[in-house]
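To keep things clear, I will list the structure first and then write my remarks on it.
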Amino acid sequence: MCVYCRIRPADHLDHIVPISRGGANALANIAPACTPCGTSKGALTVAEWVTVLAAEIAAGCGSPVAAAAGQTSPYLPVGPATVRRPRDT
Ligand SMILES: [Zn+2]
């Protein structure tokens, strides 16, 4: 199970603090993640990534990753985006 979205199965190990950002290649810095979350997070730290996801959600243009993370991730301090739909009438 991916530690970030807690929806998809993990298919790789992600460095919580990327090696390129000074993170250690140690067990405490490695977490199982899914490809969509790993790709979205990229070389960001979790704190930076959460900021990006929160901004996407606040703008109402969140990616599926952001929407999933907003609903399930303990890393994300905000709720899921509110989807506005045009009235049917
Ligand atoms: Zn994930």
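Cβ-Cβ distance below 7 Å, separation of 6 or more or different chains: which pairs start in the stretch 33-61 with a residue that is more than 19 Å from residue 1 (Cα to Cα) and end on one that is away from the ligand (no atom under 14 Å from the Cβ) and in a helix (DSSP H, G or I)?
43/20; 43/21; 44/52; 45/21
Can you report the number of residues in the stretch 1-45 which are under 20 Å from residue 55 (Cα atoms), among the hydroxyl-bearing types (Ser, Thr, Tyr) and more than 13 Å from the ligand (Cβ to nearest atom)?
Summing the residues that are under 20 Å from residue 55 (Cα atoms), among the hydroxyl-bearing types (Ser, Thr, Tyr) and more than 13 Å from the ligand (Cβ to nearest atom) in the stretch 1-45 gives 1.
Which of the residues spanning the stretch 31-43 are surrounded by 16 or more Cβ atoms within 10 Å (Cβ to Cβ) and hydrophobic (A, V, I, L, M, F, W, C)?
Result: 31, 33, 34, 37.
Out of all the residues in the stretch 81-88, is one or more at pLDDT below 90, out of contact with any Cys (no Cβ under 6 Å at 6 or more places or on another chain) and of a type in the set (Val, Ile, Thr)?
For the stretch 81-88, residues at pLDDT below 90, out of contact with any Cys (no Cβ under 6 Å at 6 or more places or on another chain) and of a type in the set (Val, Ile, Thr): present.
The values are calculated or read from the model by the stated rules, or taken from the named source; none is laboratory data. Because the structure is a prediction, the values reported are computed rather than measured. In this analysis, Cβ positions are derived from the backbone assuming ideal geometry, glycine residues included, and neighbour counts consider all displayed protein chains.
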